[in-house]
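Q: Quick one: the structure is below, and I'll ask about it shortly.
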Amino acid sequence: MVFSSYFFIFYFLPIVLLLYYLSPKKLRHLTIAIISYVFYGWANPAFVLLMIGSTIIDYICGLFIADRWGKNWNKPIVSLVKGGNRTKRQKIAVRVSIISNLSLLVFFKYFNFAVENYNSLLEFIGLQTLESDSIINVVLPLGISFYTFQSMSYSIDIYRGNAKAIRKFVDFACYVSMFPQLVAGPIIRFQEISNQLKERTHTLEKFSRGIAFFCLGMAKKVLLANPCGKIADTCFDAVDVGFLNSWYGAISYAFQIYFDFSGYSDMAIGLGLMLGFVFAKNFDSPYSSRSITEFWRRWHISLSTWLRDYLYIPLGGNRNGNTRTYINLMLVMLLGGLWHGSSWNFVIWGAIHGTFLALERLANKKAFYQKLPKLAGITITFIIVVFAWVFFRASDLPNAITYIQAMFGGNTSSQADLVNNILIKNPYYIFSFILAGIVVWKFPQTWDFTKKITLAKSIWIMLLMMLSVMAMVTQDFNPFIYFIF
């Protein structure tokens with residue numbers, strides 16, 4: 001079930017809000033958990049059992065880490081003062097939590113990838129007889145990359161002394177399964193929301209801002225991401241694509257993935273506000289960055305900060321000399337690429353970003369394009385990001401290389417774009433492309449725009465929502481890119 005669907009907007013969401021606000025205060029987390037399981041299991045109910053199993057493991061691990069099992073519940077957590085010693089049981093518990101979550105992620109996300117590469121290697125060295133004939137075709141559960149990271153943060157935060165364990169299993173189940181950000185983020189770390197699980201306010205102002213967030217996110221998705229996605233798909237799926245259209249398609253994909261993902265994040269934040277929760281900002285005008293370092297402070301903030309705090313810093317961060325810092329940056333980005341998908345394309349995408357992050361640190365965070373005028377710096381950074389997106393979007397490595405060649409003038413056939421021009425250069429797609437660029441670089445962010453809802457803003461928001469609904473009904477192209485991650 002996707003947010004930008006007629007069923008969700010006019011049936012599921014009203015029922016959710018009605019059930020939530022009619023529920024007694026003590027039962028609201030149970031209500032959210034049940035609703036979230038229904039939402040998550042809509043496509044495949046078996047996935048719900050997987051998530052519940054993961055939730056139970058992390059809940060129990062959290063109790064052991066906090067030393068709050070049974071009679072010890074009211075015992076002060078002396079051992080969890082920052083810098084204090086950890087018991088053997090606490091160390092085992094946090095390891096069980098991390099290993100169980102990573103095992104789920106690795107098996108469901110990378111089993112097929114590992115078998116394919118194993119067989120390819122054997123074929124390359126002439127040992128076809130040793131190829132694996134695995135009959136297992138592992139189906140990737142929706143959102144597993146998000147909720148495993150989220151669930152891991154719970155046990156790690158408790159272990160580090162940054163949060164206290166939840167006593168009620170229902171509260172923890174609500175946190176892990178919360179449907180607004182369950183399948184495509186943002187990744188909500190436990191320490192960011194632990195207090196809200198205990199007590200939060202429900203106000204008309206917060207609810208109104210939630211509606212605004214949802215409507216604006218919906219507009220981003222339906223009015224901008226979808227048409228830009230059609231342009232990108234046409235160019236990337238074409239047998240041949242010329243120089244101009246290769247850039248047209250690549251930039252369209254950059255717009256698509258931004259509006260698709262930031263639109264979903266806006267809708268998730270809005271739904272959270274309607275339920276009384278305040279989620280952190282996930283995007284901060286990333287295409288206005290003047291360096292790749294700045295880009296990662298603005299793009300998918302919940303993932304970049306998660307990787308920083310739970311991977312980069314534990315690896316040593318920048319504390320062990322420059323060489324080790326560059327290695328850590330590259331390793332984090334390679335793993336970040338793999339987190340997005342089981343493909344060498346994602347590894348290369350991560351390597352490109354890791355290389356530029358290392359180069360910018362080597363240059364003392366002052367890469368040559370940062371010394372240029374602001375517009376030039378933004379342009380160069382955007383070109384680097386667009387170039388990397390090609391590997392993110394292309395179906396496989398050979399197609400990515402072919403597309404990159406076209407972007408550098410490798411395909412000079414004028415015949416290549418005759419059909420493409422008919423499909424992607426009509427007034428609607430050109431207008432959507434130009435409008436997407438204007439919104440990216442000239443319009444205020446949703447986070448800032450919704451801080452104060454005036455009458456004029458309310459009218460604009462409602463008009464955009466009406467246009468979005470009308471467009472949604474007529475569109476047959478409505479994917480959410482990050483659902484597959």
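The values are calculated or read from the model by the stated rules, or taken from the named source; none is laboratory data. On a predicted model such as this, the values are computed, not experimentally measured, just so you know. Here the Cβ is made from the backbone with ideal geometry for all residues, glycine too, and neighbour counts use every protein chain on show.
Q: Of everything in segment 310-331, what is under 23 Å from residue 162 (Cα atoms) and either in contact (Cβ under 8 Å) with a residue 24 or more places away in the chain or loosely packed, with under 15 Cβ neighbours inside 10 Å (or both)? Give them in sequence order.
A: 310, 311, 313, 314, 316, 318, 319 - these are the residues of segment 310-331 that are under 23 Å from residue 162 (Cα atoms) and either in contact (Cβ under 8 Å) with a residue 24 or more places away in the chain or loosely packed, with under 15 Cβ neighbours inside 10 Å (or both).
Q: What number of residues in segment 377-395 are touching a helix residue (DSSP H, G or I) at 6+ places or on another chain (Cβ under 7 Å) and farther than 20 Å from residue 297 by Cβ?
A: Matching residues across segment 377-395 total 4.
Q: Got at least one residue in segment 167-184 being within 29 Å of residue 475 (Cα to Cα) and β-branched (Val, Ile, Thr)?
A: yes
Q: Mind listing just one residue for me: the one in segment 229-277 that is charged (D, E, K, R) and farther than 17 Å from residue 428 by Cα and, of those, surrounded by the most Cβ atoms within 10 Å (Cβ to Cβ)?
A: Among those residues, the one meeting the criterion is 266.
Q: Filter segment 293-318 down to residues that are within 29 Å of residue 98 (Cβ to Cβ) and either outside any loop (DSSP other than H, G, I, E, B) or of a type in the set (Lys, Arg) (or both), then give me how many there are.
A: Residues in segment 293-318 being within 29 Å of residue 98 (Cβ to Cβ) and either outside any loop (DSSP other than H, G, I, E, B) or of a type in the set (Lys, Arg) (or both): 17 in total.
Q: Taking residue 410 and the conditions (1) of a type outside the set (Phe, Trp, Tyr); (2) surrounded by 11 or more Cβ atoms within 10 Å (Cβ to Cβ); (3) within 28 Å of the chain's Cα centre (by Cα); (4) outside any helix (DSSP H, G or I), which numbered condition does it fall short on, given that it satisfies the others?
A: (3)
Q: Residues in segment 353-375: is at least one farther than 23 Å from residue 330 by Cα, touching a helix residue (DSSP H, G or I) at 6+ places or on another chain (Cβ under 6 Å) and at pLDDT 90 or above?
A: No, segment 353-375 has no match at all.
Q: Right, residue 21: more than 27 Å from residue 481 (Cβ to Cβ) and among the hydroxyl-bearing types (Ser, Thr, Tyr) or not?
A: yes
Q: Then there is this: Can you spot a residue in segment 48-60 that is aromatic (Phe, Trp, Tyr), assigned by TED's automatic domain parsing to the domain that holds residue 140 and farther than 18 Å from residue 93 by Cα?
A: Checking segment 48-60: not a single residue is aromatic (Phe, Trp, Tyr), assigned by TED's automatic domain parsing to the domain that holds residue 140 and farther than 18 Å from residue 93 by Cα.
Q: Here's another thing I want to ask about it. Which numbered condition in (1) touching a residue at least 60 places away in the same chain (Cβ under 8 Å); (2) within 28 Å of residue 375 (Cα to Cα); (3) more than 24 Å from the chain's Cα centre (by Cα) is the only one that residue 464 fails?
A: It fails just one condition, (2).
Q: Just checking, how many residues over segment 253-291 are closer than 23 Å to residue 29 by Cβ, outside any helix (DSSP H, G or I) and among the hydrophobic types (A, V, I, L, M, F, W, C)?
A: Adding up the residues that qualify gives 5.
Q: Taking segment 189-219 only, how many residues are part of a loop (DSSP other than H, G, I, E, B) and in contact with a helix residue (DSSP H, G or I) (Cβ under 7 Å, 6 or more places away or on another chain)?
A: Number satisfying all stated conditions: 1.
Q: Take segment 326-347 and flag every residue that is farther than 18 Å from residue 401 by Cα, part of a helix (DSSP H, G or I) and within 14 Å of the chain's Cα centre (by Cα).
A: Listed by number, the residues that qualify are 336, 338, 339, 340.
Q: Which one of these does residue 186 not meet: (1) part of a helix (DSSP H, G or I); (2) assigned by TED's automatic domain parsing to the domain that holds residue 32; (3) within 26 Å of residue 458 (Cβ to Cβ)?
A: Condition not satisfied by residue 186: (1).
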